Amino acid sequence: CGILPDERKIYVAGFRLGQVSDTQDSTGTILEEHDASGITEAQILQVLPQFDGDIAQIPPMYSAVSVDGKRLYELARQGKTVERKARQVHVDAVTLTAFDAQTGEGTLEIRCGTGVYVRTILHDLGQILGCGAVMTQLRRTMSNGLSIEKCLTFEQIQTLADEGRLADALIPIAEVFESM
């Protein structure tokens, strides 16, 4: 038995209240629209603890989960829906970092383990609030102990290479595998 890598992740996810889509995000077909104008920041904060810890999460139809040898997204694209079993996933914390009651839009920071569907957390939040919610954006800011602050753009990498300083930007291998 070896040491498993750190599979913790941090996401920043934008959401919009008042809509339900087939993909649980704003790029999907909007199936329902509801008035979310009465939803307050306090109501959201009251619901968020339900997503902390070990939770059961039903994978969305538009996901790579396989059922009887077929990916769910393939079935969804054919207009089919199949029953999906809830999976146990772990969420360390869900924090509301922004919310505009006028637009119903906000941002969550989600610290979680592997297998968590962030858009499903947002969908479920909308269901609990009674108005629906879709994910509008998603950004992973940390994975396996490596944060986005250490990332470089292609342009930055090219500049370092042109200056002969590319080695300055490399993360030491011991740090990359620190969690193992």
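The values are calculated or read from the model by the stated rules, or taken from the named source; none is laboratory data. All figures in this text were calculated on a predicted structure; none of them were measured in a lab. Cβ coordinates were reconstructed from backbone atoms using ideal geometry, including for glycine residues, and neighbour counts include every protein chain displayed. SASA here: full protein model, heavy atoms, side chains in, ligands and nucleic acids out. Shrake-Rupley method; radii C 1.70, N 1.55, O 1.52, S 1.80 Å.
Couple of notes before you dig in:
- Close Cβ contacts (under 6 Å, 6 or more residues apart or on different chains) running from residues in segment 81-101 that are within 22 Å of Ser63 (Cα to Cα) to residues that are outside any strand (DSSP E or B) and among the β-branched types (Val, Ile, Thr) comprise Arg84/Ile58; Ala86/Ile58; Val89/Val116.
- Every residue from segment 96-123 that is open to solvent by 60 Å² or more (accessible area, probe 1.4 Å) and of a type outside the set (S, T, N, Q): Asp100, Glu105, Arg111
- Index of the failed condition, Ile44 passing every other in (1) assigned to a helix (DSSP H, G or I); (2) among the β-branched types (Val, Ile, Thr); (3) farther than 15 Å from Ala133 by Cβ: (3)
- Filtered residues of segment 55-72 (kept if among the hydroxyl-bearing types (Ser, Thr, Tyr) and closer than 14 Å to Thr120 by Cβ): Tyr62, Ser63
- Ile55 touching a Cys at 6+ places or on another chain (Cβ under 9 Å), in contact (Cβ under 8 Å) with a residue 24 or more places away in the chain and of a type in the set (Val, Ile, Thr): no
- Matching entry among Glu74, Glu41 (being of a type in the set (D, E, K, R), open to solvent by 40 Å² or more (accessible area, probe 1.4 Å) and closer than 19 Å to Gln24 by Cα): Glu74
- Within segment 44-71, the set of residues being open to solvent by 70 Å² or more (accessible area, probe 1.4 Å) and in contact with a Lys or Arg (Cβ under 7 Å, 6 or more places away or on another chain) comprises just one member, Ile58.
- Of the listed requirements (1) at pLDDT below 90; (2) within 26 Å of Arg119 (Cβ to Cβ), Pro172 misses just one: (2).
- Verdict on Thr159 being open to solvent by 50 Å² or more (accessible area, probe 1.4 Å) and within 17 Å of Ile55 (Cα to Cα): no
- Of the residues screened, Ala93 is not one that is out of contact with any Lys or Arg (no Cβ under 8 Å at 6 or more places or on another chain) and either of a type in the set (Gly, Ala, Ser) or open to solvent by 20 Å² or more (accessible area, probe 1.4 Å) (or both).
- Within segment 77-90, the set of residues being within 17 Å of the chain's Cα centre (by Cα), of a type outside the set (D, E, K, R) and open to solvent by 80 Å² or more (accessible area, probe 1.4 Å) comprises just one member, Gln88.
- Test: residue in segment 98-113 that is within 22 Å of Gly14 (Cβ to Cβ) and of a type in the set (Lys, Arg): yes
- Each residue in segment 17-45 was checked for being within 14 Å of the chain's Cα centre (by Cα) and within 15 Å of Gln127 (Cα to Cα), and 3 of them qualify.
- Residues that are within 30 Å of Leu31 (Cβ to Cβ), of a type in the set (Gly, Ala, Ser) and in contact with a strand residue (DSSP E or B) (Cβ under 7 Å, 6 or more places away or on another chain), drawn from segment 120-150: Gly126, Gly132, Ala133
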